[in-house]
Amino acid sequence: MTVSDSPSPEFLQITRPHEITPDLKGQLVDCWTAVINAGGAVISPGIPLPPVSVRDVVPAAERLIDGLDPERGRLLVATIGGTVAGWLVIRRDLHPLVAHWGVVNHVQTHPRFRRRGIGTALMTRVREIAAKDLKLEQLRLSARGGLGVEHFYRSLGWTEVGRWPGALRVAPGDDRDDILMCLGL
């Protein structure tokens, strides 16, 4: 199946913890676990380095869900046929000095749905949400070096604004750059 043959994802924008059903929470955790174990750079504090189990990921997912708030943190989920294909989080700080920009993180596509345009669709939709719903002027994200994902983000208009060399220790002797990227809206 090519990207043009794939069904377009449907999107859920979740702004409050109570909007997450047990089934959706399970699918988010399943996706996150699969992405980490496939080498994805979405390891949050409290999650060990791969391989991970669902049990390892649940506490981080619960913290993420508990932090949802319409003004400060939203979850954007892409589904295909009712199944979670990918998701991301957009956050903002309401402090007046930085309230005009937001941070995108946890960008992930379930390995079963890779190469179908899910990541591009998520990044396109989050840009719309940031500008129209949150009235943001700029987005930022950081990406783990060594995976090539910065090329993906560049293709969507993001600009590399800096790097922290060797900031991320994936394993002993495997330090990666933290690539800082920005997108004007």
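The values are calculated or read from the model by the stated rules, or taken from the named source; none is laboratory data. This is a predicted model, so every value here is computed, not measured. Neighbour counts are summed over all protein chains in view; Cβ atoms, including those assigned to glycine, are modelled from backbone coordinates with ideal geometry. SASA here: full protein model, heavy atoms, side chains in, ligands and nucleic acids out. Shrake-Rupley method; radii C 1.70, N 1.55, O 1.52, S 1.80 Å.
The calculated FRET efficiency for Thr124 paired with Val161, based on their beta-carbon distance and R0 = 25 Å, is about 0.75.
Within the chain, the longest segment free of exposed loop sites, counting GluC sites (Glu not before Pro) that fall outside DSSP classes H, G, I, E and B and have at most 13 other Cβ atoms within 10 Å, spans 1-70. Can you send over the solvent-accessible area of Asp23, 1.4 Å probe, protein chains only, in Å² to the nearest 10? Asp23 exposes around 100 Å² with every protein chain in place.
For the pair segment 8-25 / segment 69-93, the C-alpha centres are spaced 7 Å from each other. Surface calculation, 1.4 Å probe, protein heavy atoms: Ser155 sits at approximately 90 Å² accessible. Where only DSSP H runs of four or more residues are counted, the chain gives -8000 deg cm²/dmol as its mean residue ellipticity at 222 nm, each run worth -39500 (n - 2.57). Counted without the sites themselves, the longest stretch of the chain free of trypsin sites (Lys or Arg not before Pro) in a DSSP loop having at most 13 other beta carbon atoms within 10 Å is 1-114.
Normalised by residue number, the volume inside the convex hull of the Cα atoms of segment 1-114 is 115 Å³ per residue.
Per residue, the convex hull spanned by the Cα atoms of segment 29-185 amounts to 121 cubic angstrom. Computed across segment 98-169, the Kirkwood radius stands at 13.6 Å (inverse of mean 1/r, all Cα pairs).
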